[in-house]
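These notes are about the structure you will find just below.
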Amino acid sequence: MKVCERTECSFHKWYPLFKSVTIKSVIEQIPSEVLSYLKEDGIVLPVEANSQPRVSDEVESDYTVNWLDGNDDEDEEDESPSFPEFSSKLKEAIGALGGEVFIKTNWSAPTDSSWITSCKTLKCKRLEDVYLLLNSSDRLMENFLSPLKTSKNGQEQSHCIILKKWMDIHPGTEFRCFVKDMVLLAITQRDCSDFFQHISEEKFDIIQDITDFFNNNIKNKFSLPNFTFDVVRQKKSKVVLLDFGVFNKKFSKSYLFTWDELLDISKAMKDGDKAEFRYIGSETGIQPSANAFESMCGLPLDVKYMTNDFSLINLIQEEITQQNQEDDV
């Protein structure tokens, strides 16, 4: 893979050219002091994001674990970082995009951390949700720790946060497409854990709609000859671009294809051939999708295996009891 290929697939690089066929978004560069804060261990929200109402002293004494080992509230407040200018830009972006956004960085979304937000999804309504996702995602941390390359025009790259206007997307409408030498080779269903009847019924229309979208909006316009791109087909003939990715198994999932198969398809493809389309054709033999709450890969095991009537308060109370027992010993 050439040095600049991943850079060319960074959202801030392609969005200006394709903004008319993708979801409305706002791109904010992450300042160096914010980036340093995000690289630190632990989750400490900035002052601007601490919007939770204070609980009463009685409730606090019964249910709050003093994680700061004796530091009082005033010390905690003093230790909280503050990024007023950056936080203000994030708030403005959330408002400009309708009050509900999906966030990602240059290449990755915090799909491993949706459990931590107030609504248990990647939907962000408040500044607190944004900072919680930025702080708790291992996927984003990998981005933050990776050195950025210089683009092919010599410009220095920067870490960005992308806020996209929230759009409810049915998992059966998302597809990944593979392009080699600017030829659309293959299309695959992205959610490989479920069967969607409409895909089987509309498979030929799906191929045609995505092929038309590629020919009219992407072909010979994207900067790389080899790449992947993700789309959502909302309605018949309505296709929306979600993202671009590198044509490389290290950085992009191939889902229902193997990378060797994709290369074989490329070698065998002739002029006029349609892209090969793969999808789950029946419910037989597939692994049932897990409950969304339990399937979040970033969910701590102590929380993941709690029963439905077992709250976080119970977990905290158990922690207090255990600590008291240890103190007695």
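Given R₀ = 30 Å, what would the calculated FRET efficiency be for K125 paired with N216, taking r from the Cβ atoms and rounding to 0.05?
FRET efficiency, K125 to N216: 0.30.
Across the Cα atoms of the range 76-134, what radius of gyration and what greatest pairwise Cα-Cα distance (Dmax) are found, in Å?
So, for the range 76-134, Rg and Dmax equal 12.0, 34 Å respectively.
For the range 160-211, what D do you get in µm² per second when you plug the Kirkwood radius from alpha-carbon pairs into Stokes-Einstein at 10 °C and 1.306 mPa s? Could you put the intermediate results ahead of the total?
Details: Rh = 13.0 Å.
For the chosen part, D equals 122 µm²/s.
Determine the alpha carbon to alpha carbon distance for each of K123/K249; K104/K238; K123/K250; K39/K120; K39/K89; K120/K250 and list only those over 26 Å. Numbers along the way, then the final one.
Values: K123/K249 29 Å; K104/K238 24 Å; K123/K250 28 Å; K39/K120 23 Å; K39/K89 20 Å; K120/K250 29 Å.
Beyond 26 Å between Cα atoms: K123/K249; K123/K250; K120/K250.
Counting other Cβ atoms within 10 Å of each Cβ, which GluC sites (Glu not before Pro) in the range 254-287 have at most 15 and sit in a DSSP loop?
Values: sites: E261, E276, E283; in loops: E283.
Passing both the DSSP loop test and the Cβ count: E283.
Just so you know, all these numbers are worked out from the coordinates, no wet-lab data involved. These figures come from a predicted structure and were not determined experimentally. A quick note on method: Cβ atoms are made from the backbone with ideal geometry, for glycine too, and the neighbour counts reach across all protein chains shown.
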